[in-house]
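Here the structure comes first, spelled out in C-alpha cells, and everything after it is commentary.
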Amino acid sequence: MIILRVTLLVFTYSYLGILSLNAQQMPMAKIREQFFTMDKVDEGALKLYKSLANTDLTKDPVMLAYHGASSAAAAGSVGGVWKKFEYFNRGKDELDKAIGLKPLDAEIRFLRLATQVNTPGFLNYKADIKRDKSFILQTLATVPANHPNAYLYLRICRFMLSYVELENAEKNIANQLVVKFNPKK
C-alpha cells in the first residue's frame, strides 16, 4: 500500500512538473508570429510582453531579446509618461543584454534593429541601426536556403525592405535573400 502511494505521489509530481514546464515555455514559432503581427493586434506588444512573463529569460538570450523588444514596443500601450519610459528602458536594457550574451545572433540583432527603427528620435535609441542592418544582411547571405529558420529569415528581409532605410546595394541583397528564402520560387 505504501509503495502504491509513493508511486502515485511521484507520478503526480512528475506530471505536474511537466505541465508546469510546458505552461511556462511558449513555443518559439508562436512568439515569432506574435512579434511579426503585434502591430496588427490591439495592444499586441503588451500581450506578447505579458505572455513571456513566466518564461525563464536567464537561459535563452533570444527569448530575452523578444521580451525586451516587446517591452519597448509595449511602451506605446501603457498610460503615463513614467510607465512608458519604464517599459521602454527595460526593453532596451534587455535587448542590449541579449546582444551582449550572444552578439553574433542575427535574430537578436534584428529585434534590436526593429525596435530602433520604430523608436521616436527623442529617445536616442538609433545608434546601432547601420551596424545591425549590415550584420544581418551579411549573416543571412551565408545561411543556406534550406535552413530550418528560412521562413524567419524571409520575414526579416521583408521587414527590412518595408521598414528600414536601405541603400541600393542593401536593397539588392535583401531582395536576393527574399528570393533565396522564399519556398515558392
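Bear in mind these aren't lab numbers, they're just calculated from the coordinates by the rules spelled out. Keep in mind it's a predicted model, so treat the numbers as computed, not measured. Neighbour counts are summed over all protein chains in view; Cβ atoms, including those assigned to glycine, are modelled from backbone coordinates with ideal geometry.
Numbers at a glance
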item	result
GNM result for the chain, Cα springs below 10 Å: residue of ARG131, ARG32, ARG109 fluctuating most strongly	ARG131
Linear extension gain, PHE36 paired with GLU165, 0.36 nm per residue minus alpha-carbon span	44.6 nm
Computed log₁₀ I(q)/I(0) - Debye formula, equal Cα scatterers, no solvent, segment 73-137, q 0.11, 0.12, 0.13, 0.16 Å⁻¹	-0.25, -0.30, -0.35, -0.52
Segment 58-153, relative contact order [Cα under 8 Å, separation at least 6], %	24
Electrostatic dipole magnitude of segment 27-181 [Cβ: Lys, Arg +1; Asp, Glu -1; Cα centre; debye, to 20]	80
GNM result for the chain, Cα springs below 10 Å: residue of ALA98, ALA69, ALA127 fluctuating most strongly	ALA127
Computed Rg/Rh of segment 27-181, alpha carbon atoms with Kirkwood Rh	0.95
Net charge over other residues, Cβ less than 11 angstrom from the Cβ of LEU95 (K, R count +1; D, E count -1)	0
Violating pairs (Cα-Cα greater than 20 angstrom) within the set LYS47/LYS84; LYS30/LYS97; LYS102/LYS133	LYS30/LYS97
Kyte-Doolittle mean at least 1.0 and Cα axial length at least 27 Å: DSSP H helices in the chain	2-24
Computed [θ] at 222 nm, helices only, for the chain once each DSSP H run of length n ≥ 4 contributes -39500 (n - 2.57)	-22500 deg cm²/dmol
Residue-count net charge about THR37 - beta-carbon cut-off 12 Å; Lys, Arg +1, Asp, Glu -1	+2
Highest-MSF residue in the chain out of GLN34, GLN138, GLN116 [GNM, Cα springs under 10 Å]	GLN138
Computed over the chain: relative contact order in percent, which uses C-alpha pairs under 8 Å that are six or more apart	13
Proxy reagent accessibility, fewest Cβ within 10 Å first, across GLU94, GLU165	GLU165, GLU94
Ranked list, fewest to most other Cβ atoms within 10 Å of each Cβ, for SER134, SER77	SER134, SER77
